[in-house]
Amino acid sequence: MPSQVPDAPIIRIRDLHKRYGALEVLKGVSLDVSRGEVVVIIGPSGTGKSTLLRCVNQLTRPDSGQVWLDAEEVTAPECNINAVRAEVGMVFQDFNLFNHLTALRNVAVGPMKVKRLPREEAYELAREELARVGLAEKANSYPGQLSGGQKQRVAIARALAMKPKVMLFDEPTSALDPELIGEVLDVMKQLAKEHMTMLVVTHEMGFAREVASRIIFMEGGYIVEEGPPAQLFYAAKQPRTAEFLGKIADLYGEEQAVGG
Amino acid sequence: MTGLAEFWQMIWPSLGNGLVITLKLSVGALLIGFLIGLPTALLRVYGTKGMRAIATAYVDVIRGTPQLVQLFFIYYGLADTGLNATLVSLGLPHGLLVLQPMTAAYAALGINSGAYQAEYFRGAIQAIGGGQMTAARALGMTRLQSIAHIVLPQALRLAIAPWSNEAAYMVKYTSIVSLIAVSDLFGEARRIMSRHYNQMVMLPFVGLMYLAIVLLITWGMHHVEQRTKIPGLEIETQRT
Ligand SMILES: Nc1ncnc2c1ncn2[C@@H]1O[C@H](COP(=O)(O)OP(=O)(O)O)[C@@H](O)[C@H]1O
Ligand SMILES: [Mg+2]
């Protein structure tokens, strides 16, 4: 691996384009994320937020444009994509836990199968990661026996067990009952405190205001505006940004979007 | 009492031998069907366009034609003189495709079962959904690892119930092999009937023997299903 400039961006995205048939989902998106940054992506649904995240670990292949993780161009044809994915954690809206495995084995299976860690080491690591998300006592529970909030925390532990360089969150709390959202956001806030690099698609404006180093507002396949939370919440340059944030406030409660 | 002893003498050991043949054929054909069916299902779900087309054609042809026609094709059709002359002219051994009755029976039943099993496995694989596959790939697992460690362990569990139906059908359908002179349970029963003209006794009796095997399989597979159940997932298993 080539030596790194210390504060070179850990993720670099250049002029990403993606279309599905007649629908152009990404129309030229560029973005840099620095080490330890928490970047929150907001925007109406169907604007390509998920597609952008999935381009980072190449679950979706862009039509053109480049993505780098550190010095590695993940969009290059010769890139070993499985090796890259092992370094990029991803958390999904509907958890996607492996239903036939206990929480412990859900977390251990990645290190065992991808990194070839011996079983006992992988279990040890999995126990640590479960403890980190506050679920040490649920190690032997199956996903079907866990609440939504617990499932999502296991999913986070599963991603963390791979010791990722960055974490991608795609609406991690959107499928949760309101009373379970807090426990997941708390884990994410803790991660942010530990300087994990995070790229988070969410409608949780309280989280964004508290934790985000930067907020990206996406609409119609473009990044419309980006900046620190204070700028987007109180001094948006684009009228569409203010309009969208107003709508979110109506939808998710005033205190979340503007208060606090 | 003498009646019972006489009856025993009449059916033993021939029905016992027939039973062994029937069980051997059932197990063997189910196994062949599994070895064909699972890869076929995987190709239909994960294969390239060409592989999917081939797998689909196989399943459609087998499921769309009578099993007896398939059996006769493999036993009589492949023994066709013209076909064998062609094989010889291609430098292949004479009689390569002229099969023994038992071989033809295994082949016909196994190939037939493969198509049905492929459909059960495909349904089970698709019921698992793509989300877990995506999560596995996101961890860095290869496609093959994701299938082997994530999709299949769940799909095979889901397939137990339909598979036990297939096993029950198989036991009953093996009876058609008596038509190509295999001495299975039904073949032996027919021989006894032709000698003693006692079909009103033999047919119900041999029918009950099939029933007993089927009940045993159903009970056994139910037991397997219970043993492999994923805790917390009862509702999903029942739905499929
Ligand atoms: N695999 C796909 N095939 C076809 N259309 C897709 C696919 N994935 C996403 N889309 C479409 O692309 C658009 C953007 O999707 P997405 O990135 O999920 O938006 P967002 O996450 O912002 O809601 C949507 O209209 C969606 O229907
Ligand atoms: Mg989305």
### Summary
Counting only helices (runs of 4 or more DSSP H) wholly inside the stretch B:20-108, the ones holding at least 3 residues that are buried (at least 16 other Cβ atoms within 10 Å of the Cβ) are B:49-64, B:67-75
### Query
Out of the residues in the stretch A:87-96 that are of a type outside the set (S, T, N, Q) and open to solvent by 10 Å² or more (accessible area, probe 1.4 Å), which is nearest to the other protein chains (Cβ to nearest Cβ)?
A:Met90
### Message
Being more than 10 Å from ligand 1 (Cβ to nearest atom) and either among the charged types (D, E, K, R) or within 25 Å of A:Ile248 (Cβ to Cβ) (or both) is the filter here; which residues of the stretch A:30-62 pass it?
### Response
A:Ser30, A:Leu31, A:Asp32, A:Val33, A:Arg35, A:Glu37, A:Val38, A:Val39, A:Val40, A:Val56, A:Arg61
## Note on the structure
Those residues of the stretch B:127-142 which are closer than 21 Å to A:Arg116 by Cβ and facing chain A (nearest Cβ under 7 Å) amount to B:Ala135, B:Arg137, B:Ala138, B:Leu139, B:Gly140, B:Met141, B:Thr142
### Task
Take the residues in the stretch A:63-78 that are more than 16 Å from ligand 1 (Cβ to nearest atom) and touching a Leu at 6+ places or on another chain (Cβ under 9 Å), then tell me which one is nearest to the other protein chains (Cβ to nearest Cβ).
A:Thr75
### Task
Please name all residue pairs, on different chains or six or more residues apart, with Cβ atoms under 7 Å, provided the first residue is in the stretch B:116-131 and is without any contact (Cβ under 8 Å) to a residue 60 or more places away in the chain and the second residue is part of a helix (DSSP H, G or I).
B:Ile128/B:Val151; B:Ile128/B:Gln154; B:Ile128/B:Ala155
## Note on the structure
Those residues of the stretch A:59-85 which are under 19 Å from A:Pro172 (Cα atoms) and away from ligand 2 (no atom under 16 Å from the Cβ) amount to A:Arg85
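To keep it simple, each residue is scored yes or no on (1) surrounded by 16 or more Cβ atoms within 10 Å (Cβ to Cβ); (2) touching a residue at least 12 places away in the same chain (Cβ under 8 Å); (3) more than 30 Å from B:Arg157 (Cβ to Cβ).
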position	(1), (2), (3)
B:Ala189	yes, yes, yes
B:His196	no, yes, yes
B:Val206	yes, yes, yes
B:Ile213	yes, yes, no
B:Arg227	no, no, no
### Summary
Among strands (runs of 3 or more DSSP E) entirely within the stretch A:1-103, at least 1 residues that are small (Gly, Ala, Ser) occur in A:23-33, A:64-69, A:88-91
### Query
For the subset of the stretch B:143-200 comprising residues that are aromatic (Phe, Trp, Tyr) and part of a helix (DSSP H, G or I), which member is farthest from the other protein chains (Cβ to nearest Cβ)?
B:Phe186
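Step by step: first the residues of the stretch A:132-171, then only those that are among the acidic types (Asp, Glu) and surrounded by 17 or more Cβ atoms within 10 Å (Cβ to Cβ), then the one that is farthest from the other protein chains (Cβ to nearest Cβ). Which residue is that? Full working, then the answer.
If we filter the stretch A:132-171 for residues that are among the acidic types (Asp, Glu), which is where we start, we get A:137, A:170-171.
Then keep just the ones that are surrounded by 17 or more Cβ atoms within 10 Å (Cβ to Cβ); that gives A:170-171.
Details: A:Asp170: 10, A:Glu171: 13 Å.
Looking at residues that are among the acidic types (Asp, Glu) and surrounded by 17 or more Cβ atoms within 10 Å (Cβ to Cβ), I get A:Glu171.
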### Summary
Only unsatisfied item for A:Thr202, checking (1) farther than 24 Å from A:Asp250 by Cα; (2) within 16 Å of ligand 2 (Cβ to nearest atom), is (1)
### Query
Where residues in the stretch A:164-180 are without any contact (Cβ under 8 Å) to a residue 60 or more places away in the chain and part of a loop (DSSP other than H, G, I, E, B), which of them is farthest from ligand 2 (Cβ to nearest atom)?
A:Asp177
### Task
Only residues that are at pLDDT 95 or above and outside any helix (DSSP H, G or I): list them for the stretch B:119-142, please.
B:Leu139, B:Gly140, B:Met141, B:Thr142
### Task
Enumerate the strands (runs of 3 or more DSSP E) found wholly within the stretch A:189-240, keeping only those where 3 or more residues are farther than 21 Å from A:His17 by Cβ.
A:197-201
### Summary
Restricting attention to the stretch A:188-215, the residues that are more than 20 Å from A:Arg12 (Cα to Cα) and hydroxyl-bearing (Ser, Thr, Tyr) number exactly 1
### Task
Might you let me know whether the stretch A:181-191 holds any residue that is within 16 Å of ligand 2 (Cβ to nearest atom) and away from chain B (no Cβ under 14 Å)?
no
### Task
State the number of residues belonging to the stretch A:172-200 that are crowded, with 21+ Cβ neighbours inside 10 Å and within 16 Å of ligand 1 (Cβ to nearest atom).
4
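The values are calculated or read from the model by the stated rules, or taken from the named source; none is laboratory data. Every value quoted in this text rests on a predicted model; they were computed, and no experiment measured them. FYI the Cβ positions are ideal-geometry reconstructions off the backbone, even for glycines, and counts take in every protein chain you see. With ligands, DNA and RNA removed, areas are computed over all heavy atoms of the protein, side chains included. Shrake-Rupley method; radii C 1.70, N 1.55, O 1.52, S 1.80 Å.
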